[in-house]
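Notes for the one structure printed next.
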Amino acid sequence: MTAPSAAVQRQAREHAMSMPLADVDPANPEYFVNDTVGHYLERLRRDDPVHKSESPFFGPYWSITRYADIMHVDTHHDVFSSDWTRGGITLTDVPADEKLPMFIAMDPPLHDEQRKAITPIVAPPNLAKMEGLIRERTRRVLDGLPRNETFDWVDKVSIELTTLMLATLFDFPLEDRRLLTWWSDVSTMNKKLNPDALEPHERMAELGKMLAYFTRLWNERVNAPPASDLVSMLAHGPATRRMSPQEYMGNLVLLIVGGNDTTRNSMTGGLLALHDNPQQWAKLRANPGLIESLVPEIIRWQTPLAYMRRTAVVDSEVGGKVIRAGDKVAMWYLSGNRDETAIDDAQRFIVDRPRPRQHLSFGFGIHRCVGNRLAELQLRILWEEILPRFPVIEVVGEPVRVRSPFVRGFSQLPVRIPG
Amino acid sequence: MPRVTFISFAGERRDVDVAAGTTLMRAAVDHGVPGIDGDCAGHCACATCHVYIEPPWSSKLSPKSDAEDDMLGLAVDPRPTSRLACQIRVTDALDGIVVQLPEGQH
């Protein structure tokens, strides 16, 4: 860490630990640009684990900060709804005409029907089929990287590989694949938090273009025999083949975002974590078999989606507080993943943990990430191909982080590979 | 100590002796039996300890809770014989239980 960023961390920690408890509000985009949110979450875990904030962006909301309480909320979907008509799974209040129905933001029974239509694409036989293609593309991207010059890992590796993966899942024309990255970024843009975002009407117009493109693909696939790509599965699945254009768009956004910037940010975050923890990198290089525990540890460490939001449908008690019907609730996965009472040495990046998959990054309960094993597969292959190729990867500058309390990610990471 | 027999998707058999009260999930994970993951550490929250249990063993088990039923909906290739291994405790009455593993967990 550079001297300026160490000072920023120190100041944030002093602020977080001394400010009036009532004022603590973790969903502050500034905390994510600077990566200082951890201090505020730690304060809440210690002093007020179930905590109500008043946000200038999101209004009143509860923060759930301990692992056990997050597990409770995540597994009580009958009390804590994900439904898009109540506000969905992010803290942002989206105007009615911008709301997108997607199964992550539905409750049973509709959630179950739509999710089950998607599940086959990530079933074990399909993952085995995809491994060869993923490995071939990973090798090609890594072999094509510049040597002895600074380049952006986010662009040349993380975005490139995850976009190729997404194009494969959709059987999307490869030459247009950067549209998937664009649409993913458009989906998660938020003008209220980020001045560089598109205006809401511009955003909806771009998503409309996405819908038009995918409608063309749908029309092609529905008239062809069922295939094992996501569009064909949606077009042929009994629960999904009659979905409205709005539902189709919502589920596309879900699959594009879910399969895209989360894995992307883990690919970047893993490299940064190893760079920041040279002893762990040395351990990994001495024993490449540790990739198996490295991968879930990277996912825990990065926590690509910092929180998930729910809306209470009845009054209930969590951690000694009463959460009332209608209240917004944020499960801070990022906080639970650093909870020392649940995870040993939670604040350290450790490549050979005994129980590395015990983390909250994929969520738990009926909404647990359907692509979790596919994400792990991509990361495993990436590190299997990096280790024999590059004895050294230097991170040569500070990362640029995304201005979002929801997507915990990077827009830039300057690196240099000697050779 | 009651014995549990795990049979992998490929048909390989592993016998494990465990203390009564141990869940089938812990029996597998603690003895390194591949094919059961148990990501949520037994909270009925991930469905990565999905197994198949046939008669006569199936009728000797406590019935599924709503939570277990909900989560089994997420499993790959769920069958009428599907159960979550973290919800079943081995007892002396279950000595010799045969547990079949699915093709994969996710």
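All of the numbers you see were taken from the coordinates with simple rules; none came from a lab. Computed from a prediction, not measured in an experiment: that's the story for all the values here. Note that each Cβ is placed from the backbone with ideal geometry, even for glycine, and that neighbours are counted across all protein chains shown.
Entry note, the stretch A:296-419: relative contact order of 25 percent, from Cα contacts under 8 Å with a spacing of 6+ residues. Within chain B, all pairs of alpha-carbon atoms sorted by distance into 10 Å bins from zero give the percentages 17, 55, 28, 0. Whole-Hz Karplus values for the stretch A:107-116 come out as 9, x, x, 4, 4, 4, 4, 6, 4, 4 Hz, taken residue by residue from phi with 6.51 cos²θ - 1.76 cosθ + 1.60 and θ = phi - 60°; glycine and proline positions read x. Evaluated over the Cα positions of the stretch A:6-147, the convex hull gives a direction-averaged projected area, one quarter of its surface, of 13.8 nm². Here the simple spin-label model places points 7 Å from the Cα toward Cβ, and for A:LYS52 and B:ARG13 these points are separated by 6.1 nm. What is the percent of Cα-Cα separations in the stretch A:178-310 that go past 22 Å? Everything past 22 Å amounts to 54 percent. Think of each Lys and Arg Cβ as +1 and each Asp and Glu Cβ as -1; about the Cα centre, that makes the dipole of the protein assembly as shown roughly 500 debye.
The label point for B:TRP57 and the one for A:ASP171, both projected 7 Å from the Cα toward the Cβ, are 3.9 nm apart. Extension gain, A:LEU133 to A:ARG178, is 14.3 nm, computed as 0.36 nm per intervening residue step minus the present C-alpha separation. Applied to the stretch A:344-351, the Karplus parametrisation 6.51 cos²θ - 1.76 cosθ + 1.60 on θ = phi - 60° returns per-residue 3J(HN,Hα) values of 4, 6, 4, 7, 10, 8, 10, 7 Hz, with x for Gly and Pro. Please list, by residue number, everything in the stretch A:256-282 whose backbone N is under 19 Å from a paramagnetic label point 7 Å out along Cα→Cβ of A:ALA6. The answer is A:273-280. Lysine pair count for the protein assembly as shown (Cα-Cα distance under 24 Å; residues 8 or more apart in sequence or on different chains): 14. In this structure, the amide hydrogen of A:LEU305, modeled 1.01 Å from its nitrogen in the peptide plane, lies closer than 5 angstrom to those of A:ARG408, counting only residues at least 5 positions away or on a different chain. The calculated FRET efficiency for the pair A:MET17 and A:GLU384, based on their C-beta separation and a Förster distance of 56 Å, comes to about 0.85. In this calculation the C-beta distance from B:ARG79 to A:VAL222 is compared with R0 = 25 Å, giving a FRET efficiency of 0.25. Summarising the amide proton neighbourhood of A:ARG401: residues at separation of 5 or more, or on other chains, whose placed amide H is nearer than 5 Å comprise A:SER411. Between the stretch A:26-54 and the stretch A:137-164, the alpha-carbon centres lie 34 Å apart.
Over the stretch A:217-265, the fraction of Cα-Cα pairs per 5 Å bin, rounded to whole percents and listed from the shortest bin up, is 5, 22, 26, 23, 14, 8, 2, 0. Reducing the stretch B:1-38 and the stretch A:223-250 to their Cα centroids gives an inter-centroid distance of 39 Å. Each residue, B:ASP92 and A:LEU110, gets one label point 7 Å from its Cα in the Cβ direction; the gap between the two is 5.3 nm.
Normalised Debye scattering of the stretch A:241-352 at q = 0.10, 0.17 Å⁻¹ gives log10 I(q)/I(0) of -0.47, -0.94, counting only Cα atoms as equal scatterers and leaving out solvent.
Evaluated at q = 0.30, 0.31 Å⁻¹, the base-10 log of the normalised Debye intensity for the stretch A:267-318, with identical point scatterers placed on the Cα atoms, takes the values -1.21, -1.25. Of all beta bridges that DSSP places with both ends in the stretch B:3-100, some 70 percent have antiparallel geometry.
For the stretch A:367-373, backbone phi angles converted through the Karplus equation (6.51, -1.76, 1.60; θ = phi - 60°) give residue-by-residue couplings of 9, 3, 3, 6, x, 4, 6 Hz, Gly and Pro being listed as x. Stretching the chain fully between A:LYS209 and A:VAL141 yields a gain of 21.6 nm (0.36 nm per residue, less the alpha carbon separation). In terms of other Cβ atoms within 10 Å, A:LYS116, A:LYS129, A:LYS192 run from fewest to most in the order A:LYS129, A:LYS192, A:LYS116. Expressed in Å, the radius of gyration and Dmax of the Cα atoms of the stretch A:3-416 are 20.8, 63.
Fully extending the segment from A:GLN279 to A:VAL396 would add 40.3 nm, taking 0.36 nm per residue of separation and subtracting the current Cα-Cα distance. Annotation: the stretch A:288-419 has a Kirkwood hydrodynamic radius of 17.1 angstrom, from the mean reciprocal C-alpha pair distance.
Kindly provide log₁₀ I(q)/I(0) values, in the same order as q = 0.26, 0.27 Å⁻¹, from the Debye equation applied to equal alpha-carbon scatterers of the stretch A:45-127. With no solvent term, the Cα-only Debye profile gives -1.24, -1.27.
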